[in-house]
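What follows draws every value from the coordinates through simple rules; no lab data is involved. Here the structure is a predicted model, which means the values were calculated and not measured. All Cβ positions, glycine included, derive from the backbone under ideal geometry; neighbour counts span all protein chains shown.
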Amino acid sequence: MAKRLKKSYKFAFRSSFFIVITLTLLLGLYMYYAATVEWLFLLCFALVSFSISFLIIQHRVERFIYRRIKKIYDDVSLLESTSFSSAPITTDIKTLTEEIEKFAKGKKIEIDTLKIREEYRKDFLGNVSHELKTPLFTVQGYILTLLDGAMDDKKVREKYLERANKGVERLIYIVKDLDMITKLEAGGLTMEFEDFDIVELIQNVFDLLEMRAAKKQITLTFDMEYKEPILVRADKERMQQVVSNLLVNSIKYGHTNGTTEVSVENLIKNKVIVRVTDNGEGISKEHLSRLFERFYRVEKSRNREVGGSGLGLSIVKHIIEAHNEKIYVESVVDVGSEFSFTLEKIENKEE
């Protein structure tokens with residue numbers, strides 16, 4: 001408390017001291033030349049003058065600083081109205097300056113964050129527009145061609161209707177993925193946690209994607225034979241989606257006659273890490289930090305050819321984070337990529 005008072009009233013104390021010294025010296029000189037020097041009177045004068053000066057300066061400077069600084073706060077919106085307390089404003093200019101700088105720094109960070117979000121919003125809207133526009137125009141083109149007379153030819157009609165249907169399916173796929181990401185970000189998608197064997201789940205995904213992998217002659221395999229189940233606690237349906245999305249990406253960008261290998265390793269006592277490794281095209285370093293953004297394309301022309309909504313990795317990241325787990329990526333161009341994520345491990349009761 002003593003330290004606070006000393007710091008708070010330093011300006012008023014020093015100012016009062018200089019004023020009293022000046023007035024006392026002037027009065028002393030006057031009394032000296034008048035040959036009526038009264039030391040007791042001078043001492044009393046000094047003490048009374050100091051007390052009065054101190055009180056007036058302290059009061060006036062407090063009001064001056066409060067009014068001026070509050071006006072600055074209001075004008076430039078450096079502080080919210082709730083930031084003002086009922087405590088008196090002190091005359092400690094250093095502390096006050098530090099306080100203003102702290103709030104100004106905070107507001108600058110907020111402004112920078114808003115600018116980044118605005119850029120992200122513009123980029124996102126542009127990507128959504130482009131992703132939806134392509135299949136929409138495709139469907140419209142086929143339908144207009146049919147309406148212009150191609151409908152009379154049965155073969156052409158069936159061919160164009162099938163292509164139009166594929167365009168509609170792509171639109172539905174994108175909208176569903178967008179809806180899922182929105183729910184994940186808003187916390188509106190509830191995770192149904194249960195205990196299950198992650199090895200069995202991965203094998204099921206292998207079976208589902210077997211035909212797709214065979215078309216590119218890519219082998220889906222484990223790094224070893226898992227004789228015992230590895231139990232984890234997570235949302236089984238969502239984790240199947242995570243594994244499926246990672247494997248589909250691996251197949252899309254894998255080399256013909258390539259391999260995609262999945263491993264499940266103990267990380268710490270109650271955690272496992274699932275790794276999906278391939279020997280495909282790989283991704284250059286500058287793209288890795290943005291890989292999980294919605295609609296982010298490493299090479300736009302290449303990604304358009306292989307299809308997909310452009311939301312797969314973003315969905316994977318959101319699902320993993322909704323489990324309070326982490327996802328990692330490592331990649332080298334023309335060598336391959338490895339995506340890995342952690343899961344909560346459950347001890348096998350049968351062991």
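Details
- For the stretch 222-284, GluC sites (Glu not before Pro) are listed when DSSP marks them as loop and at most 13 other Cβ atoms sit within 10 Å of their Cβ; the list is GLU225.
- Approximate spin-label separation VAL333-LEU42, in nm, with each point projected 7 Å along Cα-to-Cβ: 8.7 nm
- Under-5 Å amide H pairs with LEU267, H placed in peptide plane, nonlocal only: VAL272, ILE273
- The smallest convex shape that holds all Cα atoms of the stretch 184-224, its convex hull, gives 126 Å³ per residue.
- With R₀ set to 25 Å, the beta-carbon distance separating TYR33 from HIS59 gives a calculated FRET efficiency near 0.10.
- Shape category assigned to the stretch 160-209 from the gyration tensor of Cα positions, a/c cut at 1.5: oblate
- Residues whose placed amide H lies under 5 Å from that of ILE230, excluding near-sequence neighbours: ILE198, VAL199, GLU200
- Ascending count of other beta-carbon atoms within 10 Å, so fewest first, for SER289, SER16, SER263, SER337: SER289, SER263, SER16, SER337
- Mean shadow area of the stretch 193-345 over all directions, Cα convex hull, nm²: 8.7 nm²
- Global geometry of the stretch 144-262, whether rounded, prolate or oblate, following the gyration tensor of its Cα atoms and the 1.5 cut on a/c: oblate
- Each Lys and Arg Cβ is given +1 and each Asp and Glu Cβ -1; about its Cα centre, the stretch 193-345 then shows a dipole of about 600 debye.
- Long-range amide H partners of THR219 with built H, under 5 Å: GLY258, THR259, THR260
- Exposure proxy ranking, count of Cβ atoms within 10 Å, fewest first, for SER250, SER314: SER314, SER250
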